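S.K.: Take a look at this one; I'll ask things after.
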Amino acid sequence: MTLEEKVGQLVQYSAGQPTGPGTGRTDYDDMIRKGEVGALFNITTARQTNAYQRIAVEQSRLHIPLLFGLDVIHGFRTEFPIPLGLASSWDPLLIEQTARVAARETSASGIRWTFSPMVDIARDARWGRMTEGAGEDPFLGAAIARAYVRGYQGARLDAPDSIAACPKHFVGYGAAEGGRDYNSVELSEHTLRQFYLPPFHAAIDEGAATLMSAFNSLNAVPASANPFTLKQILREEWGFQGIVDSDYTSVGELIAHGIANDGATAARKAFLGGVDMDMVSSLYHENLVRLVRSGEIPEAAVDEAARRVLRVKFALGLFERPYADEAKEASAMLQPDSLMLARTAAEHSFVLLRNQDFSGRGPVLPLSNQTKTIALIGPLADDHGDMLGSWAGQGRPEDVITLRTALIQKMGAQNVRYAKGSEILGGSDDQLVEAVKVAEQSDTTFLALGENAPEMTGEAASRAFLGLPGRQEQLLEKIVATGKPVVLLIFSGRPLTLPWAFQHVPAVLAAWFPGVEAGPALVRTLFGEANPTGRLVVSWPRSMGQEPLYYDALSTGRPPRDIDLTHPPQNGIEKFVSRYIDEQNSPQFPFGFGLSYTSYRYANLQIDKPSLSAKNLNDELHAKGNTRSTLLSVSADITNTGARAGEETVQLY
């Protein structure tokens, strides 16, 4: 390979709909013929991938196939619940199955690389990308990271329906200051290793073929030019041999970070800092050859980076099977078993937050099949697009079964009274009046409120205020004032601060953004055909000022033990502790919380060792290289003491 061809393997461009600022270049056909491009992304059909692949395989000198990538975050065409919702299932096997479906559909379009899973620990609900991850806990996050990698990559990476996983964003991106996307991050090495690295380590240990660096700076060093994380930890300590891809233009952004004056310097620092492939910025394409010839970058380093890219292409079987079968592409999408899995995943993602007695009639949920009329109100009650969530891949609004459609199928159109009530942002007085009238004429009201998925959650969607946007809070209060039982369905990519609702609404369900089977899954759950089993993977705040909020914070020297924090401090004993003077310390709902339609009894708790020393722990972990040996056995008898079947997530702390 010539130097130019080796550098070409390290160049990646967006050849479809941009998912960031700019696309880099547009003259792809000629660059591919010259061997100057190694990967393309944001191309979404087999016809498109095959067209570019034919140029690479049939017209370039070395016939090296391209690697096509895409942000397949929670499904390709069959959209599953957002990752935060999937994580709320606490079910790695279920998540693995959803990733397998995503791999099957994605690969049918010739795309063999997903920029997923996002394994950033997220502890601040202001950060919009909380929606893409598994929450605040590194242990659960690591288990879920492994599940995604297994699902995407399958038993064999070279199987035609497997795709390369790419855990991201390495590292600390979820700890952005103030929850503001792309912001700086300061983490001690203890915090980094204890909380933020474990999900990445788990993904690499599971065999992830690639990894993506992050936008943020970490302790004043940009993550896309950080030899401590990308070389010392990732390569030397963990032995990672796969591709390190930059995030979208993050190499070029080293200039704005202030560590480079120009593109050449940015390219040199990113490459020597540990980034193999430059996504979109074109700085490797424009500068690496000259930097090697000037002696600023060793050619041997370029050789090794190119080898890593080629190894992944060989591992995927691209040299043997470079093309997608266009005739089979459509049949891979939205298969019946995929849709059934999407419904199951949605049912397991829902978290029942509140289910109070109403007027002495018992808990509002589940509804009886004898319920005659339901008012369905809210801007998300008949919404198609938002149900897909952010980063919806190739999901299409027309694939979604809405709550309104499913409810009519269940009860008949004559028994479902619908009013939008408001827009997500804005709305009119007439909409409010109509909604109140509809609620007054019905037995029960389902109120579907929340965020706009593409604009208010996901990347570049940080929020300083976490309440219901627009006039939705006003709508909520007016509907509750009718005196009819109300079920609030919260559609969001993060916890929302709703103190009034949690005091006055008898039943509240966190529905997240449930995907293509949103409506059927919700109806089955609301009527008790499915029992909600979801548990929170993030601490739900009472107010915005509590953020960042997480369950495993260290104790201070002045913990507020045995002090009532529900009122302002009355004396020195109550004041001079770690607390707020105008808010409780505790969350509205803690990590791991979730109600059920049944009840469980725990008994006969057993533990096989009275203690386990740090030395014994270390010795057993490393005995004969076995890092998964059983160190401690804990057991309990769990009995369903209610009248309904259910599933219990057993949590041990």
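Only the coordinates and a few stated rules stand behind these numbers; no lab work does. This one's a predicted model, so the numbers in the text were calculated from it and none came from an experiment. Ideal geometry is used to build each Cβ from the backbone, glycine not excepted, and the neighbour counts take in all protein chains shown.
S.K.: Using Cα atoms only, what is the angle between the long axis of helix 263-273 and the major principal axis of the chain, expressed in degrees (0 to 90) to the nearest 10?
M.R.: 80 degrees
S.K.: Compute the angle between helix 336-349 and the longest alpha-carbon principal axis of the chain, please, reported from 0 to 90 degrees and rounded to the nearest 10.
M.R.: 60 degrees
S.K.: Can you give the relative contact order of the chain as a percent, counting alpha carbon pairs under 8 Å and 6+ residues apart? Don't skip to the answer; put the middle values down first.
M.R.: Numbers: 1497 pairs, mean separation 98.5, N = 653.
Averaging sequence separation for qualifying contacts and normalising by length gives 15 percent for the chain.
S.K.: Now for a different question. For the range 3-330, list log₁₀ I(q)/I(0) at each q in 0.09, 0.10, 0.12, 0.13 Å⁻¹, using the Debye formula over Cα point scatterers of equal strength and ignoring solvent, two decimals each.
M.R.: -0.41, -0.52, -0.76, -0.90
S.K.: If you project the alpha carbons of the range 254-387 onto the principal axes, what extent comes out on each, in Å, largest first?
M.R.: Ordered largest first, the range 254-387 gives principal extents of 81, 45, 22 Å.
S.K.: So for the pair Asp430, Asn604, with labels modelled 7 Å out along Cα→Cβ, what separation do we get in nm?
M.R.: A separation of 6.6 nm, rounded to one decimal place.
S.K.: Using mean Cβ contacts within 10 Å as the protection proxy, how do 402-409, 517-524 order, highest first?
M.R.: 517-524, 402-409
S.K.: Only Cα pairs under 8 Å and at least 6 apart count here; give the relative contact order of the range 3-330 as a rounded whole percent.
M.R.: Values: 724 pairs, mean separation 64.6, N = 328.
RCO, the range 3-330: 20 percent.
S.K.: Another one. Give me the angle, in degrees from 0 to 90, between the Cα long axis of helix 299-315 and the longest principal axis of the Cα atoms of the chain, rounded to the nearest 10.
M.R.: Around 60 degrees separate the two axes.
S.K.: Using +1 on the beta carbon of Lys and Arg, -1 on that of Asp and Glu, and nothing else charged, what's the dipole of the range 1-76 about the Cα centre, debye to 20? Spell out each step's value before the answer.
M.R.: Values: 7 positive and 8 negative charges, 23 e Å.
With Lys and Arg at +1 and Asp and Glu at -1, about 120 debye.
S.K.: Something else about it: State the antiparallel share, in %, of DSSP beta bridges confined to the chain, rounding to the nearest 5. It would help to have the intermediate numbers written out before the result.
M.R.: Working: 15 of 51 bridges.
Around 30 percent antiparallel, to the nearest 5.
S.K.: While we're here: Compute from the Cα atoms of the range 316-475 the Rg and the Dmax, the latter being the longest Cα-Cα distance, and quote both in angstrom.
M.R.: Looking at the range 316-475, its Cα Rg and Dmax stand at 19.8, 69 Å.
S.K.: For Glu529 paired with Arg561, estimate the spin-label separation in nm (one decimal), with each label point 7 Å from Cα along the Cα-to-Cβ line.
M.R.: Distance between the two pseudo-spin positions: 5.1 nm.
S.K.: Highest first, please rank the peptides 81-88, 320-327, 51-58, 169-176 by the mean number of other Cβ atoms sitting within 10 Å of their residues. Walk me through the intermediate numbers first.
M.R.: Numbers: 81-88: 30.0, 320-327: 15.0, 51-58: 17.1, 169-176: 26.8.
Listed from highest to lowest mean packing, they are 81-88, 169-176, 51-58, 320-327.
S.K.: While we're looking at this one, here's another question. Just going by the charge dipole of the chain, with Lys and Arg at +1 and Asp and Glu at -1 on Cβ, which of Trp391, Pro568, Gln414 is farthest out on the positive end?
M.R.: Towards the positive end, the residue furthest out is Gln414.
S.K.: Applying 1/(1 + (r/R0)^6) with R0 = 51 Å to the Cβ-Cβ distance of Phe465 and Met1, what FRET efficiency is obtained, to the nearest 0.05?
M.R.: E between Phe465 and Met1, to the nearest 0.05, is 0.40.
S.K.: Could you give the length gained by full extension between Gln232 and Glu440, i.e. 0.36 nm per residue of separation minus their alpha carbon distance, to one decimal place?
M.R.: On the way: separation 208, 0.36 × 208 = 74.88 nm, distance 6.46 nm.
68.4 nm is the gain from fully extending Gln232 to Glu440.
S.K.: For the range 356-502, what is the relative contact order in percent, using Cα pairs closer than 8 Å and at least 6 residues apart in sequence?
M.R.: RCO, the range 356-502: 28 percent.
S.K.: Next up: Per the Debye formula with a single identical scatterer at each Cα and no solvent contribution, what log10 I(q)/I(0) holds for the chain at q = 0.08 Å⁻¹?
M.R.: -0.62
S.K.: About the Cα centre, and with charges only on the beta carbon of Lys, Arg (+1) and Asp, Glu (-1), how big is the dipole of the chain? Nearest 20 debye, please.
M.R.: Values: 60 positive and 76 negative charges, 153 e Å.
Dipole size: approximately 740 debye.
S.K.: Just from the alpha-carbon atoms, what are the Rg and Dmax of the range 354-419 in angstroms?
M.R.: Using the Cα atoms of the range 354-419, the pair Rg, Dmax is 14.8, 47 Å.
S.K.: Taking 0.36 nm per residue of separation and subtracting the Cα-Cα distance, what length does fully extending Phe593 through Ser611 add? The partial results should precede the final answer.
M.R.: On the way: separation 18, 0.36 × 18 = 6.48 nm, distance 2.81 nm.
Extending this stretch completely gives an extra 3.7 nm.
S.K.: While we're on this one: List the extent of the Cα atoms of the range 64-211 along each of their three principal axes, largest first, rounded to whole Å.
M.R.: Its Cα atoms span 42, 35, 25 Å along the three principal axes.
S.K.: Based on C-alpha coordinates, I'd like the Rg and Dmax of the range 156-200, in Å.
M.R.: Cα only, the range 156-200: 14.8, 43 Å (Rg, Dmax).
S.K.: Setting aside same-chain residues fewer than 8 positions from Lys6, which lysines have a Cα under 23 Å from its Cα?
M.R.: Within reach: Lys34, Lys231, Lys269, Lys313.
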